[in-house]
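The values are calculated or read from the model by the stated rules, or taken from the named source; none is laboratory data. Remember, it's a predicted structure, so these values are computed and weren't measured experimentally. Cβ sites come from the backbone with ideal geometry, for glycine too, and all protein chains shown count toward neighbours.
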Amino acid sequence: MIGADQARSRAANRRWWDADADDYHAEHGAFLGDADFVWCPENLREADARLLGEVEGRRVLEVGCGSAPCARWLRARGADVVAFDLSAGMLRHARDAADRTGVAVPLVQADVCELPFTDAAFDLAFSAFGAIPFVADSAGALREVARVLRPGGRWVFSVTHPMRWMFPDDPGPRGLTVIQSYFDRSPYVEVDQDGVPAYVEHHRTLGDRVRELRAAGFVLDDVVEPEWPEGFEGRWGQWSPERGEIFPGTAIFCCHLPG
Ligand SMILES: C[S@@+](CC[C@H](N)C(=O)[O-])C[C@H]1O[C@@H](n2cnc3c(N)ncnc32)[C@H](O)[C@@H]1O
């Protein structure tokens, strides 16, 4: 097995997302929008789900923002948003989108495991598939998010549903066959021609996530498993109607800190 500790995971993912930023937005930019808030490939929108509650006037942190369409959507609704990402390439797309829309939010380049913000700086933190699946020390990342939230603050984040770990990343019939154990926590690692990790993702079971959230001090309010909308034909990598109609692709953890 190829190791991917925290430092290697960070280095790999920073390089990966810098290199992939243009392709990612060429492929998914239209789905994500310039100032829109989509939680997941199942097309669940914050405008409908309202998982963040009231946002007007709230100090909000977007974790692993990519080009930050969600942060701009919230800014347009009166939130005081800061967005951060590890990748300068992804943040360049955020700046371009701010120019296109005229909606700017402060952008910070940072690692979720070492946040450059003071304690209790935010009322609310959220992430749509950002940062958390890519860090080896996800327990430490959650402690950092808890640190920068005020008591009573809310934390909502979407990730690939843990049960997808068992299946190949294939939107078609091949993606319906179990190929590995749900309980195998070995990271998914792609290496470059020199054997250096070039892309890393880390698996946590549902129970792992719950325990890490509780250890960071969070109260878990809900785990939303968006169902595939009837008639929706969208595709995103391994997400497809064929798979989405029979098992979940996304888990959205909704938590808060005790007040
Ligand atoms: C799948 S993209 C999601 C981006 C955005 N939320 C979206 O929906 O398009 C994952 C993002 O997580 C960021 N990321 C990966 N590791 C990170 C880390 N350790 N700290 C902060 N961001 C990280 C990547 O740079 C990338 O922009």
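Looking at R204, R150, which is the one that is under 17 Å from F134 (Cα atoms) and outside any helix (DSSP H, G or I)? Give the derivation first.
Numbers: R150 fails: under 17 Å from F134 (Cα atoms).
Going through R204, R150 in turn, just one is under 17 Å from F134 (Cα atoms) and outside any helix (DSSP H, G or I): R204.
Pairing residues of the stretch 127-141 that are closer than 12 Å to A216 by Cα and near the ligand (Cβ under 8 Å from one of its atoms) with residues that are modelled with pLDDT of 95 or more and not in a loop (DSSP other than H, G, I, E, B), at Cβ distances under 9 Å and at least 6 apart in sequence or on separate chains, gives A141/V63; A141/D111; A141/I132; A141/E212. Remark: pairs (first residue in the stretch 12-26, free of Cβ contacts under 8 Å to residues at least 24 places away in the same chain and assigned to a helix (DSSP H, G or I); second residue more than 10 Å from the ligand (Cβ to nearest atom) and small (G, A, S); Cβ separation under 8 Å; 6+ apart in sequence or on different chains) are absent.
Look at (1) at pLDDT 95 or above; (2) in contact with a Gly (Cβ under 8 Å, 6 or more places away or on another chain); (3) within 12 Å of the ligand (Cβ to nearest atom) and you find that Q6 fails only one, number (1). Taken over the stretch 106-126, the criterion of being among the aliphatic types (A, V, I, L, M), surrounded by fewer than 21 Cβ atoms within 10 Å (Cβ to Cβ) and touching a Lys or Arg at 6+ places or on another chain (Cβ under 6 Å) is satisfied by A120 alone.
Applying the set (1) within 13 Å of the ligand (Cβ to nearest atom); (2) crowded, with 19+ Cβ neighbours inside 10 Å; (3) more than 26 Å from D221 (Cβ to Cβ) to A98 leaves exactly one unmet item: (1).
Evaluate the following for A26: is it more than 12 Å from the ligand (Cβ to nearest atom) and more than 18 Å from the chain's Cα centre (by Cα)? Judged against the criteria, A26 is a match. Among the residues making up the stretch 77-93, a single one is near the ligand (Cβ under 9 Å from one of its atoms), part of a loop (DSSP other than H, G, I, E, B) and not polar (S, T, N, Q): L86.
One line per residue, one yes/no per condition, for (1) of a type in the set (G, A, S); (2) more than 26 Å from E46 (Cα to Cα); (3) touching a strand residue (DSSP E or B) at 6+ places or on another chain (Cβ under 6 Å); (4) surrounded by 16 or more Cβ atoms within 10 Å (Cβ to Cβ):
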{"position": "F157", "(1), (2), (3), (4)": "no, no, yes, yes"}
{"position": "T160", "(1), (2), (3), (4)": "no, no, no, yes"}
{"position": "M163", "(1), (2), (3), (4)": "no, no, no, yes"}
{"position": "F167", "(1), (2), (3), (4)": "no, yes, no, yes"}
{"position": "P171", "(1), (2), (3), (4)": "no, no, no, yes"}
{"position": "Q180", "(1), (2), (3), (4)": "no, yes, no, no"}
{"position": "D184", "(1), (2), (3), (4)": "no, yes, no, no"}
{"position": "G195", "(1), (2), (3), (4)": "yes, yes, no, no"}
{"position": "V200", "(1), (2), (3), (4)": "no, yes, yes, yes"}
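Checked across the stretch 48-65, the condition of being assigned to a loop (DSSP other than H, G, I, E, B), closer than 22 Å to G153 by Cβ and within 12 Å of the ligand (Cβ to nearest atom) holds for at least one residue. A single entry from P229, P258 fulfils the requirement of being part of a loop (DSSP other than H, G, I, E, B) and closer than 19 Å to W39 by Cα: P229. For the stretch 127-140, a residue qualifies if it is touching a helix residue (DSSP H, G or I) at 6+ places or on another chain (Cβ under 7 Å) and either in a strand (DSSP E or B) or surrounded by fewer than 20 Cβ atoms within 10 Å (Cβ to Cβ) (or both), and the qualifying residues are A128, A136, D137, A139. Reported count of residues in the stretch 29-43, each being within 14 Å of M90 (Cα to Cα) and near the ligand (Cβ under 10 Å from one of its atoms), is 2. Looking at E242, is it surrounded by fewer than 18 Cβ atoms within 10 Å (Cβ to Cβ) and outside any loop (DSSP other than H, G, I, E, B)? Yes: the conditions hold for E242. Test V55 against the criterion of being of a type in the set (A, V, I, L, M), in contact (Cβ under 8 Å) with a residue 60 or more places away in the chain and on the phi < 0 side of the Ramachandran plot, and give yes or no. For V55, the condition - of a type in the set (A, V, I, L, M), in contact (Cβ under 8 Å) with a residue 60 or more places away in the chain and on the phi < 0 side of the Ramachandran plot - is met.
Contact annotation: residue pairs with Cβ atoms under 6 Å, 6 or more positions apart or on different chains, pairing a residue in the stretch 108-122 that is within 15 Å of the ligand (Cβ to nearest atom) with a partner that is in a strand (DSSP E or B), are V108/F84; A110/F84; V112/V63.
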